[in-house]
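Written below as structure tokens is the structure these notes are about.
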Amino acid sequence: MKKLLLTMVFVGAVLHAKDYEVKMMSWGNGEPMIFDPAVLRVESGDSITFLPVQQGHQVDSVKIPEGATKMHSEIDEKYHVTLDKEGIYLYTCLPHRSMNMAGLIQVGSKSSNRDAVVKAIDALEAKATMNKGRIYRYLKQLDDMNAGATQTQPAAMSQTQPAAMSHAPSAGAVAKPSSAAGE
Ligand SMILES: [Cu+2]
């Protein structure tokens, strides 16, 4: 019985992890050279899939939480990454770095590396020749998300939740005791 319970807890934890999709685009939301969505707030253990929906883009981390794994993809690669260190991840598309093609992901509720991220954003914004001010706007969005995180989310926000669990078997179905339980 203990084994069964442990199995159910484990399955529950795996089902909880979500996968988010970020599109890499030359044109999106009326703007050139953009990640969509460019600002995300996820939980530790969640993953992101970067989709090369238009050509010529990739992902490179600029600032990440201490101990986190750097992000790096090839151009036009579909790139999947699991984020398990809490904090803010600032990333960019290297070929379009000077056009402020960048994004922010906060993992968990801690933003302990925010100062380092702001410094890195300052450096990017100082060199930007296009879409100036865009990453500051993203940072503001993230701050707003964090400020609202303790309140009830508006109904419109809930639609941005990915349906990661729709194809997964239910915990009940997986946790059925097998006749081969060796106890
Ligand atoms: Cu790009």
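Distant-in-sequence amide contacts of VAL39, defined by a placed amide H-H separation under 5 Å and a gap of 5 or more residues or a different chain, comprise LEU104. Proximity of backbone amide H atoms, modeled 1.01 Å from N, is registered between GLY28 and MET33 at under 5 Å, excluding neighbours fewer than 5 places apart on the same chain.
With the contact rule set at Cα under 8 Å and sequence spacing of 6 or more, what percent relative contact order holds for segment 68-116? Can you show the working numbers first?
Working: 49 pairs, mean separation 17.8, N = 49.
With pairs under 8 Å counted, the relative contact order is 36 percent.
Listed by chain and number, the aspartates and glutamates whose C-alpha is less than 14 Å from the C-alpha of LYS78, apart from same-chain residues fewer than 8 away, are ASP19, GLU21, ASP60.
Under the combined filter of DSSP loop state and at most 10 neighbouring Cβ atoms within 10 Å, segment 45-116 retains these GluC sites (Glu not before Pro): GLU66, GLU74.
Within 10 Å of each candidate Cβ there may be at most 14 other Cβ atoms; applying that plus a DSSP loop requirement, which trypsin sites (Lys or Arg not before Pro) in segment 52-112 survive? Working shown, then result.
Details: sites: LYS63, LYS70, LYS78, LYS85, ARG97, LYS110; in loops: LYS70, LYS78, LYS85, LYS110.
Within segment 52-112, the qualifying trypsin sites (Lys or Arg not before Pro) (loop, at most 14 other Cβ atoms within 10 Å) are LYS70, LYS78, LYS110.
For ASP60, neighbours were defined as the other residues whose beta-carbon sits under 9 Å from its Cβ, and their charges (Lys and Arg +1, Asp and Glu -1) total +2. Over all other residues within a Cβ to Cβ distance under 14 Å of ASP46, the charged ones net out to -2, with Lys and Arg as +1 and Asp and Glu as -1.
Every read-out reported here was derived from the displayed coordinates using simple, explicitly stated rules and does not represent laboratory data. The structure displayed is predicted, hence computed values, not measured ones. Neighbour counts run over all protein chains shown; Cβ positions are idealised from the backbone, glycine included.
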